[in-house]
1. Taking a quarter of the surface of the Cα convex hull of the range B:28-123, what do you get in nm²?
2. With 10 Å bins from zero, work out the P(r) of the range D:2-247 over every alpha carbon pair and list the percent per bin.
3. To the nearest Å, what is the center-to-center distance of the range C:171-225 and the range C:89-123, using C-alpha atoms only?
4. Please pull out the direction-averaged projected area of the range D:62-181, using the convex hull of its alpha-carbon atoms, in nm² to one decimal place.
5. Along Cα-to-Cβ, 7 Å out, sits the label point; list in nm, shortest first, how far the one on residue A:148 is from those in the other copies.
6. By count of other Cβ within 10 Å, fewest leading, how are B:204, C:215 ordered?
7. Take the rotation relating chain C to chain D, measure from its axis to every Cβ in chain C, and name the nearest residue with the distance in whole Å.
8. Using a label point 7 angstrom from Cα along Cα-to-C-beta, what distances in nm, from shortest up, separate residue D:224 from the other copies?
């Protein structure tokens, strides 16, 4: 069961885009959404409550508890309406992730949506210093403008969860769709850090393509901090391991 | 599928509260509900049957079998209507716990509900002699009256299951909601005892705030018995462990 | 999704009972149903197809494949209508077992059902030569007539699956319900044998109470065969085990 | 949730068949479908989108991502309408495989369907050089024409998934149904190869029975390649194993 509560009824967007960022690997999608909400001074447009999230009341530091929900914000940048869709968690089951994707689009389609963009992460096994943004489209024509701004077309792969499938559903609604995947390190994801750098790069791309004028210096600074922290941790792991190996080997070679 | 069978049709509460207590850790919520039903001489108001509980017929000592169900009782205390909602078990899936929360409130909302209070447990890792009652609200204003009577505002956390999420759903219906969590010991929960002490403290709080005039001396007495039993068990475990350790160590140091 | 296809439209039972026997432990319930269908020369009354059984096409020796379904037969014995409900399997999930129980009763309730009787197994850990039939009712009054014919009232327990919960749902429909549990041996169940003896005893009880006049000598004979086979197997297991133990011990004591 | 989008509205088949081939063991069913779509120059008739497939966006080499869907093609061969139904994956749950089977038939039934044929694999434990095609029907009469063309009636068994159960559902709709199972080697299935040989044999059978005039020489050639590759792999495994065994045995017998 899903329940949409609309807060803002007076919207008149001649042309708008939807940017989707749910929690996923490295929290890239959600960080993109949160930063855009702040930077574009977006207003809460609607809330979707549902029975398909984990059965948990999440309590904040002030003792206020809430169930998981989808938050839809909007803002007007130049003449472009921008909807930003995010949430505390993704629905538990694959089927409900599909259903929610469909539901979100069915609620927003009437606002002259020209493109749905989902932000997600592309996990690199190696620690790369120069990060890329990969793009996937729901048709051939949608990607050119991203590639022109430096994005790399992803060749084969599978994107799991809401941040991927929603652009598949966009096609069913006849709406253009793009998935922008910020390259992240496996080590950042596995150490449960937020990858601000990947989020920054995705936002820079979207900002360039759609002229959103978003400042991402703050994300850049935080991202560099995380990268340093993770590299330090990795180095200390490697040292321990080497020492551990030495320690273990000693009895066999020295004694 | 849920089916609501209403027994009592002639209700006229100018103002009422809903107290929810389903089985959970230490059976605190259910014990609160059961004790209130007895003490307030509450009448069966309605029953909710559903397909989402475990597929089991539970047979009592007299050979009578029943499927799990939700029981709703009510009583009038001074001018306040009090609904008490409990059951034999919680729905199996997260999604059905959400749905049932929503369903219960949709059936009761017309009775001028001013607040939904869920009773649950807060598990302490240590054995504390002086137990607290923590409170979580679905907005900022609801908690003051509980804090004034000695409750502690919970700062950050997650409350799983019906006894938590129902106050999140209350907010969706525009109803105030509070979760009152009686502090329990991890050992009581893990040894599968009923924590009457935690239930007593939750009831005392509710009774103070809402002037219910409930006597909890019986719960207090039972609770002290349980605490003693658990402490005895813990002590015997510790002794065995110490003796065990001694026993294991002997061969190395003495022989 | 459930789909009921009714074959026999001309039914006029002043008073009828429903006997339910789905596959379960020792196949007691299903064997009761199959034997009654044969003995009472029951006609196919209707079929329930559904999406909630395992996704399998079961192919018989003649190359004909079918999906799982519920079969409802009926017969008239003296003035009593007898519906017999069985199937190839139970729905996969607890929720769908509940739903199907409700669905079956919703389709049959209009035929003046005075009682729903579910046949199931009661598993004994020991090999008992004199088997009992236990009964559970959905109210106090329903059991007397079974006890008068030798059944034992079950005191506390849990009956899992359709053959138990359907009498819980019968109560929701305001229909009397009894569960008759033929005592079976854990060894028969674990060796995957059909317990004809337990089925025979359940049928004898029902036949006595409802004057069905069913001959169960065939089941008795088959049941004795199974009991002998299982006892032989158990004895050979025990011998092997004893020899095994001897075999293992030899090196330590003799060599 | 399922959504049927029909592309081709002008269809007038006096008599048509439905051939179903979803991904399964050895990809036999899907290969049958793909080859028929190409050979019969079938046109896309409709697409079924649904929420019950894995929550994944599958990205192709050109950066275009799509969610899983069911594709329905059709063609006219002589006077026979031929619908071919396939997809990227089967629904996750048993229940949704059942539901989709029912849904597909409910959308196609109006096109004068005289038979539903599902293509699947029959896995042989041994490497057989002469492969058979087994058939299962949803009634006694449907199989003769296949047996006349050399198919073998399957005696007892269980066919899992959409490629089996859809002919069970066909019966519920009063439509003839056959499952044609191409014999495959367990080794081909376990090594994750596509069994073109089994697919070829199924198509030859269908082509003979329904006069489809399909050329399968390409499949035959590819199939022989796969068989050789698998036999080579098996031989190298066996050698390694034998050498491995020799290697292990040496210390005990020779040293």
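1. About 7.6 nm², averaged over all directions.
2. 7, 31, 35, 19, 6, 2, 0
3. Between the Cα centres of the range C:171-225 and the range C:89-123 lies a distance of 17 Å.
4. Over every viewing direction, the Cα hull of the range D:62-181 projects on average to 10.4 nm².
5. 6.4, 6.5, 9.1
6. Ordered from fewest to most neighbouring Cβ atoms within 10 Å, B:204, C:215 come out as C:215, B:204.
7. Its Cβ sits closest to the axis: C:93, 7.
8. Taking the point 7 Å beyond Cα along Cα→Cβ, the inter-copy spacings are 6.6, 6.6, 9.3 nm.
Bear in mind that the values in this text are calculations on the coordinates, not laboratory data. Please read these numbers as outputs of a predicted model, since none were measured by experiment. No Cβ is skipped: glycine too gets one built from the backbone with ideal geometry, and neighbour counts run over all protein chains shown.
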